[in-house]
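Structure first, commentary second.
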Ligand code: CA
């Protein structure tokens, strides 16, 4: 398919033997202790259909609660040994879930949306339909858009309107279009940067060049001027600021407070065959999310994630990101509002973990906005049917009930209600067409 996006590097390995390569070219690393030792707690006998599951993750703050579950023994407590497999990239995760753990791949793991929905329909897997279930939300917020120091003067912020002339003027001043990047097309980070640009009056398909770049290459890319803006999860935007390569123009938390970010999704055949184990997985995850969410645990969490076995990133970089100690804008204005940082459990909109159908629907409606999958995903009715098939709120509720969560923490319906963006645009899940109609820039 002809596409304006360019892939700066080839990372869609397709041979099973190379799928698990991580950034260093090493084999998959299992969850280990901070010293790189073997996985911790003994697995309880909970009478589950299976005692193991292999989950993929990408080393960004979104994966934190999966690591916590292994390291603090929350999964083992509920009878499940979770094997964590670091994924070199989103395409690797996608290819590995198609293979499944039986073939050396993964049963599920951490996902940007709407990847599980698209994989279910074979839309991003060459027609190969692998039904998946979204079981929980892993995180809200914790993502951002970093901008190169070469644009310090223009001070790009969440409202891009004042800086739009600089961006639109690039062909005249630089002899080329402004370049922006994300880590994987047609999912979260692509959608965040498109929303930001569109709200500022910039058409992401026409006025600029939008590239796909693996997050491991972003520091270098921004340093050498490959791109001016980059949309990704922490610690990358944070690191760009720390290394004085760029500044944080916008936090996704500023664009859409308590927005849906990344999710736990597992192959439907695994869940259907192991329903008790799926509920156990959710119970372990919920306890992990509660632990990761607590302010007093952030330092220990940064230590845990920083280990070579997991993120292999200094705790000094991770800790401020987890604590929401940001410096915003070209003037690096300190912001220490925990409400703008990564949220794992509590929020002003209720429990983060619940896999609301209304929130997943937004990602598919946004896919319609940009006409990402013509002939495959064209209508709101299709989008709704797909969410109904993939999102398993019932399993989440069962796990929450068995865990004894207070009733107030267990949402009663499938909708979180209306969602309001920073530019005043409203997404009403009851009327997605009105949302689409209200957007000025779309396909
Ligand atoms: Ca993300």
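Can you name the number of the only condition in (1) away from the ligand (no atom under 16 Å from the Cβ); (2) within 27 Å of the chain's Cα centre (by Cα); (3) crowded, with 16+ Cβ neighbours inside 10 Å that residue 154 fails?
Of everything listed in (1) away from the ligand (no atom under 16 Å from the Cβ); (2) within 27 Å of the chain's Cα centre (by Cα); (3) crowded, with 16+ Cβ neighbours inside 10 Å, residue 154 misses just condition (2).
Residue 240 - would you say it is under 29 Å from residue 319 (Cα atoms), within 16 Å of the ligand (Cβ to nearest atom), in contact with a helix residue (DSSP H, G or I) (Cβ under 7 Å, 6 or more places away or on another chain) and touching a residue at least 12 places away in the same chain (Cβ under 8 Å)?
yes
What number of residues within the range 192-217 satisfy the criterion of being at pLDDT 95 or above and within 15 Å of the ligand (Cβ to nearest atom)?
5
Give the residues of the range 292-303 that are surrounded by 18 or more Cβ atoms within 10 Å (Cβ to Cβ) and more than 20 Å from the chain's Cα centre (by Cα), sorted by residue number.
Residue satisfying the conditions is 300 alone.
If I ask for residues that are part of a loop (DSSP other than H, G, I, E, B) and crowded, with 17+ Cβ neighbours inside 10 Å, which ones from the range 388-409 would you list?
Selection gives 392, 405.
Looking only at the range 77-96, count how many residues are in a helix (DSSP H, G or I), touching a residue at least 60 places away in the same chain (Cβ under 8 Å) and touching a strand residue (DSSP E or B) at 6+ places or on another chain (Cβ under 7 Å).
1
Give all pairs with beta carbons closer than 9 Å in which a residue from the range 264-289 that is free of Cβ contacts under 8 Å to residues at least 12 places away in the same chain meets a residue that is in a strand (DSSP E or B); count only pairs at least 6 apart in sequence or on separate chains.
From the range 264-289, the pairs are 272/133.
The rows are residues; the columns are (1) within 16 Å of the ligand (Cβ to nearest atom); (2) over 30 Å from residue 247 (Cβ atoms); (3) under 20 Å from the mean Cα position of the chain (by Cα); (4) modelled with pLDDT of 95 or more.
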| site | (1), (2), (3), (4) |
| --- | --- |
| 65 | yes, no, yes, yes |
| 69 | no, yes, yes, yes |
| 133 | no, yes, yes, yes |
| 159 | no, no, no, yes |
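Please tell me if residue 54 is away from the ligand (no atom under 16 Å from the Cβ), in contact with a strand residue (DSSP E or B) (Cβ under 9 Å, 6 or more places away or on another chain) and modelled with pLDDT of 95 or more.
yes
Taking the options 109, 104, 175, 142, name whichever one is touching a helix residue (DSSP H, G or I) at 6+ places or on another chain (Cβ under 8 Å), surrounded by fewer than 18 Cβ atoms within 10 Å (Cβ to Cβ) and at positive phi.
104
Here is a list of conditions, (1) more than 30 Å from residue 416 (Cβ to Cβ); (2) buried (at least 22 other Cβ atoms within 10 Å of the Cβ); (3) within 16 Å of the ligand (Cβ to nearest atom), and residue 227 meets all of them except one; can you say which number that is?
Failing condition for residue 227: (3).
Residues 189, 220: which one is more than 15 Å from the ligand (Cβ to nearest atom) and at negative phi?
When all the criteria are applied, what remains is 220.
Output yes when any residue across the range 369-387 is touching a strand residue (DSSP E or B) at 6+ places or on another chain (Cβ under 9 Å), crowded, with 16+ Cβ neighbours inside 10 Å and within 15 Å of residue 117 (Cβ to Cβ), and no when none is.
Yes, the range 369-387 has at least one match.
Checking the structure you have, find out if any residue of the range 412-434 is in contact with a helix residue (DSSP H, G or I) (Cβ under 7 Å, 6 or more places away or on another chain), in a helix (DSSP H, G or I) and over 29 Å from residue 291 (Cα atoms).
yes
The values are calculated or read from the model by the stated rules, or taken from the named source; none is laboratory data. Remember, it's a predicted structure, so these values are computed and weren't measured experimentally. Cβ sites come from the backbone with ideal geometry, for glycine too, and all protein chains shown count toward neighbours.
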